[in-house]
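Step one of this worksheet: look at the structure below.
The values are calculated or read from the model by the stated rules, or taken from the named source; none is laboratory data. None of the values given here were measured: they were computed from a predicted structure. Backbone-built Cβ (ideal geometry, glycine too); neighbour counts: all protein chains shown.
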Amino acid sequence: MLGEYRIVGRRASDIAASIEQGVGAGALEPGALLPPMRELATRLGVNPNTVAAAYRTLRERGVIETAGRRGSRVRPRPASTARGSLGVDAPPGVRDVSAGNPDLALLPPLREALAAAALGDEREPGLYGQAPVDEEFARLARAGLDADKVPGGPVAVTSGSLDAIERVLIAHLRPGDTVAVEDPGWGSLLDLVPALGLKPVPVGLDDDGPLPGDVERALAEGARALIVTDRAQNPTGAVVSEDRARLLREVLARRPRTLLIEDDHGHAIVDQPLHPLAGTTENWAFVRSTAKAYGPDLRVALLTGDRVTVDRVAGRQQLGPGWVSRLLQRAVVHLWTSGAVDPLAVARSYGERRDALVRALAERGVTAHGRSGMNVWVPVPDETGAVARLLHSGWAVAPGARFRMSAPPAVRITVSGLTPDDITPLADALARAAGPAPARSYG
């Protein structure tokens, strides 16, 4: 059942920590069956209720799952094992196209923006009791949302997209609730959902976004929330088209109590129009990050939504960190207003590299996906073998397992570091490693 691993502890928190440590260290592998609660209680000399509390804690953390009389097992992908660990280290001489980082040459220098923010702080110091959202930040953020026809709503600021999504989920859901997520999808999000004690259910997608039939099925089966990436979907580059948005709104209109979360992290690096779904349901949130266009370390994202949702997020935020630094908010204001980034030029730069790789692969009989953003998704028949062969050829790619639940095998290539001279050798290596893969949808 557990092999050599020995669970220890007298308190529920200690027992849970012992099991979680075993999972994180790899001593308890995914799928490992845990002892029945009464059996483990006898072995440890504690009350069965203590073990029950430990197991409940682990379920809420996304480490184990319980299937009635079949017992409790380590989850196939426990939250203790982050998807980021499913990577390939690039040894010397191997090009790393796996990381998902933006092109440093396309990011603006931050010295002037931070200096302007510091100067503003000298004139008006940031102190306790001030509004958590800088007034000019809120005004500019709302203007940008209005231009993209995102419904009206208050603006909050969070420490990145994932922070916003986590806060919205916690504001409305409880452990055990089901969340419909894109498959393949953002690996960090696929880790976050079970870590909150929520149950992810996969929704397939194609180049136009989530498949309406899959969304309908997930909601009919009880999913209380749906998370959609509008543009530059990670890892596939999908974009929610106008027709697909209309069909998804029709599905959501029949389920108005669904919590809808939209992630527009691709803002300012894509040239595809936004077709928001926001406002179709009673509770909704729309998140827009500055990470990809202005720098991941800024850790600033704007959040809007219905008043209940934003008020809950802001209220809980005040009890924790309080606010996201107004210095950083003012730095972002400077970046927005100074023209430090030309979104069309950035989108064109990524698009040229992305399209060149997709075309080169098509010429070699390999299907690839990448309508927007900085990634290309390449279906492969044997993911492990493809990753190994590419590494041998001098390319470290991201295994699709980072991003998949039930979707077919694939690899992800980040194009932000590629030059025109890289396209042909990379396409040749991918063709040798992947072979033809004619599928047109991902999930």
Select from segment 229-255 the residues that are touching a helix residue (DSSP H, G or I) at 6+ places or on another chain (Cβ under 9 Å) and assigned to a helix (DSSP H, G or I) and list them in ascending order. Arg244, Leu247, Leu248, Glu250, Val251, Leu252
Taking the stated definitions as given, is Ala293 touching a helix residue (DSSP H, G or I) at 6+ places or on another chain (Cβ under 7 Å), modelled with pLDDT of 95 or more and surrounded by 18 or more Cβ atoms within 10 Å (Cβ to Cβ)? yes
For segment 337-354 the number of residues that are surrounded by fewer than 20 Cβ atoms within 10 Å (Cβ to Cβ) and either within 22 Å of the chain's Cα centre (by Cα) or assigned to a helix (DSSP H, G or I) (or both) is 8
Which numbered condition Trp284 misses (of (1) out of contact with any Gly (no Cβ under 7 Å at 6 or more places or on another chain); (2) over 30 Å from Ala345 (Cβ atoms); (3) not in a loop (DSSP other than H, G, I, E, B)): (1)
I need the full set of residues from segment 58-75 which are without any contact (Cβ under 8 Å) to a residue 60 or more places away in the chain and within 15 Å of Asp177 (Cα to Cα), in order please. Glu65, Thr66
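Rundown of residues vs (1) β-branched (Val, Ile, Thr); (2) surrounded by fewer than 19 Cβ atoms within 10 Å (Cβ to Cβ); (3) at pLDDT below 95, yes/no style:
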site	(1), (2), (3)
Gly209	no, no, no
Arg217	no, yes, no
Ala225	no, no, no
Asp230	no, no, no
Thr236	yes, no, no
For segment 291-305, does any single residue satisfy the condition of being under 21 Å from Val168 (Cβ atoms), over 24 Å from the mean Cα position of the chain (by Cα) and part of a helix (DSSP H, G or I)? no
The condition of being touching a residue at least 12 places away in the same chain (Cβ under 8 Å), outside the structural domain of Asp264 (by TED's automatic domain parsing) and loosely packed, with under 14 Cβ neighbours inside 10 Å holds, among Ser393, Ser406, only for Ser406
Can you find even one residue in segment 176-185 that is surrounded by fewer than 17 Cβ atoms within 10 Å (Cβ to Cβ) and modelled with pLDDT under 95? yes
In segment 296-336, residue nearest to Gly129 (Cα to Cα) [restricted to those that are of a type in the set (S, T, N, Q) and surrounded by fewer than 23 Cβ atoms within 10 Å (Cβ to Cβ)]: Gln318
Give me the strands (runs of 3 or more DSSP E) completely within segment 152-208, filtered to those with at least 2 residues that are under 22 Å from Arg288 (Cα atoms) and in contact with a helix residue (DSSP H, G or I) (Cβ under 9 Å, 6 or more places away or on another chain), ordered by residue number. 155-158, 178-182
Out of all the residues in segment 26-52, which are at pLDDT below 90 and either buried (at least 19 other Cβ atoms within 10 Å of the Cβ) or out of contact with any Phe, Trp or Tyr (no Cβ under 9 Å at 6 or more places or on another chain) (or both)? Gly26, Leu28, Glu29, Pro30, Gly31, Ala32
Taking the conditions exactly as written (hydrophobic (A, V, I, L, M, F, W, C) and in a loop (DSSP other than H, G, I, E, B)), does Leu260 satisfy them or not? no
Can you work out which of the residues in segment 238-250 that are farther than 12 Å from Ala278 by Cα and of a type in the set (D, E, K, R) is surrounded by the fewest Cβ atoms within 10 Å (Cβ to Cβ)? Glu242
Hey, can you tell me all the residues within segment 284-322 that are closer than 30 Å to Leu104 by Cα and out of contact with any strand residue (DSSP E or B) (no Cβ under 7 Å at 6 or more places or on another chain)? Ala291, Lys292, Ala293, Tyr294, Gly295, Pro296, Asp297, Leu298, Arg299, Pro321
Within segment 68-88, track down each residue that is small (Gly, Ala, Ser), modelled with pLDDT of 75 or more and assigned to a loop (DSSP other than H, G, I, E, B). Gly71
Does Glu363 meet the test of being surrounded by fewer than 24 Cβ atoms within 10 Å (Cβ to Cβ) and either on the phi > 0 side of the Ramachandran plot or in contact with a strand residue (DSSP E or B) (Cβ under 8 Å, 6 or more places away or on another chain) (or both)? no
